[in-house]
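Visitor: Take a look at this one; I'll ask things after.
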Amino acid sequence: MMIRRVILPGLFGGLVMVSWTIVVNGIFGFRAGIDMNQVPNERQIYDVLKQSIMEPGRYLCNPAVTDAGNFPGGEPVFGISYGGVGHDAAGALALFQLPLFFILPILATWMLSRSDNTVLSSYSRKVLFFATVGLLIGIASYLTDFGIGGYPLDSAVVLSLNEVALWTVAGLVVAWRIKPDGT
């Protein structure tokens with residue numbers, strides 16, 4: 001019963017999420033357009049960063065302080081992120097992240113299955129449940145990463161909206177498959 005009620009709809013939702021991600025990011029380059037902007041003097045900047053940053057982490061590069069000991073207003077602050085891995089690890093990292101595309105929708109489907117039958121008897125309420133999960137993840141994942149050294153506001157909002165769309169599309173499939181108790 002648990003397999004037909006929760007796991008199969010969650011797996012279908014996960015397949016939709018993987019498909020969405022492949023199309024939106026792999027074919028249309030959505031995330032690359034936000035996360036992989038080119039730096040004009042990339043070689044020189046890369047060499048300086050490689051010599052200066054040895055440990056993985058997130059770094060900020062601030063302007064020099066003024067004579068009064070404050071950071072000058074209107075000057076940029078640069079965020080630098082180094083995960084400790086290079087391009088050779090991309091495939092392994094993708095394989096590590098792949099289970100999340102199935103575990104999270106199965107977990108959300110299980111939470112939905114625990115809902116009242118008034119929620120489970122309405123297709124739109126079930127989809128709204130998944131859209132809300134996407135909204136919460138989008139806010140927690142991307143809108144909180146807006147600001148100094150993070151994403152510009154427009155990128156954070158677009159990434160959050162993509163997360164809502166991803167979960168809504170998965171919810172369309174899960175809502176079609178999950179039924180109220182006794183049906």
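Visitor: Looking at 99, 105, can you tell me which residue is in contact (Cβ under 8 Å) with a residue 60 or more places away in the chain and more than 27 Å from residue 46 (Cβ to Cβ)?
Guide: Among 99, 105, only 105 is in contact (Cβ under 8 Å) with a residue 60 or more places away in the chain and more than 27 Å from residue 46 (Cβ to Cβ).
Visitor: Continuing with this model, one more query. Restricting the search to the stretch 92-110, which residues are open to solvent by less than 80 Å² (accessible area, probe 1.4 Å) and among the aliphatic types (A, V, I, L, M)?
Guide: 92, 93, 94, 98, 104, 106, 108
Visitor: Select from the stretch 33-48 the residues that are open to solvent by 80 Å² or more (accessible area, probe 1.4 Å) and either part of a loop (DSSP other than H, G, I, E, B) or among the polar types (S, T, N, Q) (or both) and list them in ascending order.
Guide: 36, 37, 38, 40, 41, 44
Visitor: I'd like the residue in the stretch 1-32 that is farther than 30 Å from residue 180 by Cβ and not in a helix (DSSP H, G or I) and, out of all such residues, is least open to solvent (accessible area, probe 1.4 Å).
Guide: 29
Visitor: With the requirement that a residue be under 19 Å from residue 8 (Cβ atoms) and not hydrophobic (A, V, I, L, M, F, W, C), what does the stretch 122-143 give you?
Guide: 123, 126
Visitor: Collect the residues in the stretch 81-115 that are closer than 27 Å to residue 149 by Cα and of a type in the set (Phe, Trp, Tyr), keeping them in residue-number order.
Guide: Passing the criteria: 82, 96.
Visitor: Among (1) in contact (Cβ under 8 Å) with a residue 40 or more places away in the chain; (2) of a type outside the set (Gly, Ala, Ser); (3) open to solvent by less than 90 Å² (accessible area, probe 1.4 Å); (4) over 25 Å from residue 150 (Cβ atoms), where does residue 119 come up short?
Guide: All conditions are met except number (1).
Visitor: While we're looking at this one, here's another question. Go through the stretch 139-172 residue by residue and tally those that are polar (S, T, N, Q), free of Cβ contacts under 8 Å to residues at least 60 places away in the same chain and surrounded by 15 or more Cβ atoms within 10 Å (Cβ to Cβ).
Guide: 2
Visitor: For residue 48, indicate whether it is more than 16 Å from the chain's Cα centre (by Cα), of a type in the set (A, V, I, L, M, F, W, C) and modelled with pLDDT under 90.
Guide: Details: more than 16 Å from the chain's Cα centre (by Cα): yes; of a type in the set (A, V, I, L, M, F, W, C): yes; modelled with pLDDT under 90: no.
Taking the combined requirement at face value, the residue does not satisfy it.
Visitor: Let me ask something additional. Can you spot a residue in the stretch 164-178 that is basic (Lys, Arg) and out of contact with any Phe, Trp or Tyr (no Cβ under 8 Å at 6 or more places or on another chain)?
Guide: No: the stretch 164-178 contains no residue that is basic (Lys, Arg) and out of contact with any Phe, Trp or Tyr (no Cβ under 8 Å at 6 or more places or on another chain).
The values are calculated or read from the model by the stated rules, or taken from the named source; none is laboratory data. Treat the numbers as computed from the prediction; the structure is a model and nothing was measured. In this analysis, Cβ positions are derived from the backbone assuming ideal geometry, glycine residues included, and neighbour counts consider all displayed protein chains. Keep in mind that these areas ignore ligands, DNA and RNA; they rest on the heavy atoms of the full protein, side chains included. Shrake-Rupley method; radii C 1.70, N 1.55, O 1.52, S 1.80 Å.
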